[in-house]
Amino acid sequence: MSERDVIEFDVLIVGAGPAGLATAIRLKQLSPGTSVCLIDKAAQIGAHILSGAVIEPQALDELLPGWRDNPPPICVPVRCDEFAYLTKTRRFKSPVVPPQMNNHGNFIVSLGALCAWLAPQAEALGVEVFAGFAGAEPLFDEAGQRVIGVRIGDMGLDRAGRPKDNYTPGIDIHAKTTVLAEGCRGSLAKQLIRHFGLDAGVDPQTYGIGLKELWQLPAGRGDPGLVQHTIGWPLRADTYGGSFIYHLTDDRVAIGFVVGLDYRDPNFSPFEAFQQFKHHPTVKPLLEGGTIISTGARALVEGGLQSLPRLSMPGALLVGDAAGMINVPKIKGTHMALRSGMLAAEHLVADAADRFDAGWRDSASAAELKRVRNIRPGFHRGLWLGLANAALETAVGGRTPWTLRNHADHSALHTLAEGSPPPDYVERTLEPRDRLASVYFAATEHDEDQPIHLKVADTSICVGRCRTEYGNPCTRFCPAAVYEMVEDDGGLRLQINAANCVHCKTCDIKDPYQIITWVPPEGGSGPNYVNL
């Protein structure tokens, strides 16, 4: 195999989401002579980015004061908020919108389009932006105690890991400081958190899965600026989650569903729950006659302040969703991602990277997470106690003298023997009819002759214990039908349809035996989301 090339920068940023781009832009604003490289595994910047998203604009005002004169391509001022509770057949609209969901002054955006809009502005400042570069592993000094960069994954390996005619070894990118901005459950961040013990003394991180579709409605049906959220059906009271419908311009709507990955029922399918929601009597008429433009799915962090790891380590920093900076009651993290990136840049310019963790914990973002720290874990005891706890925490501004604890999501899954009542679902008629159709609308693309990037440590567990105890929940929690149990001449076996993968990371999180590890495929592989 060919010798690896090495390139060097002052700062390497992994991930072109809002946190990574904010880090890059602020660095160049403050220190134009600093060499900055930003890499992203997607074929194009923004193609792997998925979020609701309604953003608070103040952080963007701080980063780019004149942005409103030249806004991103999808940027709709919020005009009206609605919050409702659903039963199977009815919708009960709340007369009051929860304070955290008051979006007055906020904007509905496509986060992918926002990042694609930010990237050229970073490049104009002198940032080297490389799409299609997947960080495969962190690089350490000889003592293994300091991060010195990242190795980019090899290209042109066959399914067995052997070089093909087009083989190209991945380059090593060295930097004085590496900033991990990979987003939720980043593969490099996961390795470095473990290597440096950054999560020692904090609760396990917890997650949700968000599924989203962008629809084109018939003419005149949209209501630009309307933001709608619901709780209730099709989820049972013991499952955390809810829906969003954001009305854009030109009769387009972003519709989505978020489910906490601490759900208990091994037969539960987040994808199916989302499709059921679309068939509610108050939702289906909105979509009928419309067409899907794009679909996608992504895990999101829900652990809050008590699950936040240390943000600084020798030679590297964690920012944004890679660290867990989301205000779950608000369903917002973009403003925190932007601010964490800006704060990281300010510490780097001041040669104070080792004080970034302390600096962030003394920031307004940390105070914001502290105020809401007990709201999400309050739902571990069900919807109604969770709502009561949320009301209390909101009323006292999070000043209760206790902190509720988090548990690892995979540990919450019940076995088949423990039993769960069957879901109360309806017949579906809207697209997509199944998960494979959804994969098509995600425009997911992988070279099938490359190493499988979903590593299952022991497949005998899949055909034995897991099938008996849990009924192979990976075949249901994956929104892209990656995992399939098939019967052939050799008996029952796990088949991994890696080409379907939309990089949501749910399998890495929810597998009850923790034997699935998601690693990046070849750079440029994966979904190609359109305005998600």
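Which of the residues belonging to region 251-269 are over 23 Å from residue 108 (Cβ atoms) and open to solvent by less than 30 Å² (accessible area, probe 1.4 Å)?
260, 261, 262, 263, 265, 266, 268, 269
Can you name every residue in region 194-232 that is of a type in the set (A, V, I, L, M, F, W, C) and buried (at least 22 other Cβ atoms within 10 Å of the Cβ)?
Scanning region 194-232 gives 209, 211, 214, 215, 227.
Going through region 170-182 one residue at a time, which ones are in a loop (DSSP other than H, G, I, E, B) and open to solvent by 20 Å² or more (accessible area, probe 1.4 Å)?
Correct list: 171, 182.
Restricting attention to strands (runs of 3 or more DSSP E) lying wholly within region 225-297, give those where 3 or more residues are among the aliphatic types (A, V, I, L, M).
Counting at least 3 such residues, we get 226-232, 252-260.
Here is a list of conditions, (1) open to solvent by 20 Å² or more (accessible area, probe 1.4 Å); (2) within 21 Å of residue 438 (Cβ to Cβ), and residue 248 meets all of them except one; can you say which number that is?
(1)
Does region 236-249 include one or more residues that are of a type outside the set (A, V, I, L, M), on the phi > 0 side of the Ramachandran plot and touching a Gly at 6+ places or on another chain (Cβ under 6 Å)?
yes
For every residue, the table says whether it meets (1) surrounded by fewer than 18 Cβ atoms within 10 Å (Cβ to Cβ); (2) at pLDDT 95 or above; (3) within 29 Å of residue 187 (Cβ to Cβ).
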| residue | (1), (2), (3) |
| --- | --- |
| 14 | no, yes, yes |
| 25 | no, yes, yes |
| 28 | no, yes, yes |
| 32 | yes, yes, no |
| 42 | no, yes, yes |
| 77 | yes, yes, no |
| 80 | yes, yes, no |
| 83 | no, yes, no |
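Take the residues of region 322-342 that are more than 19 Å from residue 62 (Cβ to Cβ) and in contact with a Pro (Cβ under 8 Å, 6 or more places away or on another chain): which is surrounded by the fewest Cβ atoms within 10 Å (Cβ to Cβ)?
Selected residue: 329.
Within region 165-181, does at least one residue satisfy the condition of being without any contact (Cβ under 8 Å) to a residue 60 or more places away in the chain and on the phi < 0 side of the Ramachandran plot?
yes
Sort out which residues of region 373-401 are within 27 Å of residue 233 (Cβ to Cβ), among the β-branched types (Val, Ile, Thr) and open to solvent by 20 Å² or more (accessible area, probe 1.4 Å), and write them in order of number.
The answer is 394, and nothing else.
Within region 452-508, track down each residue that is assigned to a loop (DSSP other than H, G, I, E, B), surrounded by 19 or more Cβ atoms within 10 Å (Cβ to Cβ) and more than 24 Å from the chain's Cα centre (by Cα).
Once the filter is applied, which keeps residues that are assigned to a loop (DSSP other than H, G, I, E, B), surrounded by 19 or more Cβ atoms within 10 Å (Cβ to Cβ) and more than 24 Å from the chain's Cα centre (by Cα), region 452-508 yields only 470.
Being free of Cβ contacts under 8 Å to residues at least 24 places away in the same chain and either touching a strand residue (DSSP E or B) at 6+ places or on another chain (Cβ under 8 Å) or among the aromatic types (Phe, Trp, Tyr) (or both): is that true of residue 142 here?
no
Quick check on region 410-434: of everything there that is part of a helix (DSSP H, G or I) and more than 28 Å from the chain's Cα centre (by Cα), which residue is surrounded by the fewest Cβ atoms within 10 Å (Cβ to Cβ)?
Step by step, filter region 410-434, then rank; the result is 417.
Can you pull out every residue in region 121-141 that is open to solvent by 70 Å² or more (accessible area, probe 1.4 Å) and assigned to a helix (DSSP H, G or I)?
123, 124
Have a look at 345, 367, 352 and point out the one that is open to solvent by 20 Å² or more (accessible area, probe 1.4 Å) and of a type in the set (A, V, I, L, M).
Matching residue, one of 345, 367, 352: 367.
Looking at region 307-321, which of the residues that are open to solvent by 10 Å² or more (accessible area, probe 1.4 Å) and either at pLDDT below 95 or in a loop (DSSP other than H, G, I, E, B) (or both) is nearest to residue 348 (Cα to Cα)?
Checked region 307-321; the qualifying residue nearest to residue 348 (Cα to Cα) is 314.
Looking at residue 521, is it within 26 Å of the chain's Cα centre (by Cα) and either surrounded by 21 or more Cβ atoms within 10 Å (Cβ to Cβ) or free of Cβ contacts under 8 Å to residues at least 60 places away in the same chain (or both)?
Here the answer is yes, as residue 521 does meet what is asked.
Limited to region 435-451, what total is found for residues that are open to solvent by less than 60 Å² (accessible area, probe 1.4 Å) and touching a residue at least 40 places away in the same chain (Cβ under 8 Å)?
10
The values are calculated or read from the model by the stated rules, or taken from the named source; none is laboratory data. Fair warning: this is a prediction, and the values are worked out from it, not measured in the lab. Heads up, the Cβs are rebuilt from the backbone with ideal geometry, glycines too, and the neighbour counts pull from every protein chain shown. Protein only, heavy atoms only, side chains kept; ligands, DNA and RNA dropped before computing areas. Shrake-Rupley method; radii C 1.70, N 1.55, O 1.52, S 1.80 Å.
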